[in-house]
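Student: Would you mind keeping the following structure in view while I ask a few things?
Nothing in this text is a laboratory measurement; each read-out follows from the coordinates by a stated rule. Predicted model, so just to flag it, every value in this text is computed and none were measured. Positions of Cβ are generated from backbone atoms using ideal geometry, with glycine treated the same way; all protein chains shown enter the neighbour counts.
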């Protein structure tokens, strides 16, 4: 009896979706429909889906374009409201998707949905911006005057008066994903996390030069034990908000990130980004106004450092892959990190040319140009490059 009740419950749960699909079929008799999915669970994908939809919508003028969120779980509620300003979104469409696929797979029923197309979430994954022509990725996030006033009031309450001196620092750890998605084993990309303590010297150096450093994040694991009027551990502030998350990443002077969803706002808004402890090197956003500093990779049995060429070619995306190939992954040292930050601030963040563009990096190592995107703007830290090339055998 219990199994029967469970099956009946699943069957009844499909009824709302069936009703919605029948309505869509009726509308499609008059105009073809395209359903666009927005991945709302992860903020980086959520932002990129929105940008991708805006960019591609002109090619779908002959359709009735309807958008829906992929889940009831929303990574950033303010961003959801922002998306709803310009895209017609309907939560009920999500329930129709499973029924739609049933119709598509059954030959007798597929006729009814032939004028309905489903476009899944970001076709290019998290790399959509890399496929845009130069200039088109500058789709700045526009805030209303009231929203800007709210943000400026918040900043003044925290003693921050100059937005042009704000540095947003995003240091990846595993707590957010583990708490939000406890059923998923996230250890497969634990190599992307960084130790918070190696950033202390960098924060102090930036503050000494008049910058205000905000440690960003949601559900971070460890607070930074630093007391200074030019430093705010925003991730642990009781008045941290989804709105300020987006506003700060869209209006700061520069971003220092270990590679996490919100930093994509820096690419869209053409804000200089320093990607540190970033792996894999080949996977970075080449169209960002950015400098990349990978982690240090060592051969487990000899303790030799991988060369810059080997780091680039080790295009590994899972922690188990590094273990399989006998590669140890280490954070940058506090000193090396600081030196790379100095390089970044003195070049890209100051509007100057980088010492080593990604193109010159590939040419120096005689790597194929097929790995260079046509709209590449990024660079690789020359200091990191010299370090790994001169310390191949640190024993």
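Student: Note the angle between two axes, namely the Cα long axis of helix 77-86 and the longest principal axis of the Cα atoms of the chain, as a number of degrees from 0 to 90, rounded to the nearest 10.
Tutor: Between helix and principal axis, roughly 60 degrees.
Student: Provide 20, 264 in ascending order of the number of other Cβ atoms located within 10 Å of each residue's Cβ, fewest first.
Tutor: Arranged by neighbour count, lowest to highest, 20, 264 become 20, 264.
Student: For region 66-118, restrict the atom set to alpha-carbon positions and state the Rg and Dmax in Å.
Tutor: Every Cα atom of region 66-118 included, Rg and Dmax give 13.9, 43 Å.
Student: Sticking with this one: For the Cα atoms of the chain, what angle does the longest principal axis make with the long axis of helix 334-346, in degrees from 0 to 90, nearest 10?
Tutor: So the helix axis and the longest Cα principal axis differ by about 80 degrees.
Student: Please arrange 52, 330 by how many other C-beta atoms lie within 10 Å of their C-beta, fewest to most.
Tutor: 330, 52
Student: In units of 2.2 N^0.38 Å, what is the alpha-carbon radius of gyration of region 316-365?
Tutor: 1.56
Student: I would also like to ask the following. Got a sec? How would 234, 318 order by Cβ neighbour count within 10 Å, fewest to most?
Tutor: Starting with the residue having the fewest Cβ neighbours, the order is 318, 234.
Student: Report the relative contact order of region 144-390, percent, no decimals, based on alpha-carbon pairs under 8 angstrom and at least 6 residues apart.
Tutor: Across region 144-390, relative contact order equals 19 percent.
Student: While we're on this one: Calculate how many DSSP beta bridges within region 144-390 are antiparallel, expressed in % of all such bridges and rounded to the nearest 5.
Tutor: Here the share of antiparallel DSSP bridges comes out near 25 percent.
Student: Which residue, 145, 270, 220, has the most motion in a Gaussian network model of the chain that connects Cα atoms within less than 10 Å?
Tutor: Among 145, 270, 220, the largest mean-square fluctuation in the Gaussian network model of the chain belongs to 145.
Student: Relative contact order of region 12-126, please, whole-number percent, based on alpha carbon pairs below 8 angstrom and at least 6 residues apart.
Tutor: 42
Student: Pick from 171, 273, 19 the residue whose mean-square fluctuation is largest in a GNM of the chain, springs joining Cα atoms under 10 Å.
Tutor: 19
Student: Report Rg (one decimal) and Dmax (nearest whole number) for the chain, counting Cα atoms only, units Å.
Tutor: Just the Cα atoms of the chain yield Rg and Dmax of 23.5, 73 Å.
Student: Against the longest principal axis of the chain, how steep is helix 2-13, in degrees 0 to 90 to the nearest 10, with axes from Cα atoms?
Tutor: With both axes taken from Cα atoms, the answer is about 90 degrees.
Student: With the contact rule set at Cα under 8 Å and sequence spacing of 6 or more, what percent relative contact order holds for region 241-336?
Tutor: Across region 241-336, relative contact order equals 21 percent.
Student: Same structure again: What per residue convex hull volume, in Å³, do the alpha-carbon atoms of region 12-126 yield?
Tutor: Per residue, the Cα convex hull of region 12-126 comes to 106 Å³.
Student: Report the semi-axes of the equivalent ellipsoid for region 128-249 in whole Å, largest first, where each axis is √(5λ) for an eigenvalue λ of the Cα gyration tensor.
Tutor: Over the Cα atoms of region 128-249, the ellipsoid semi-axes are 25, 22, 16 Å.
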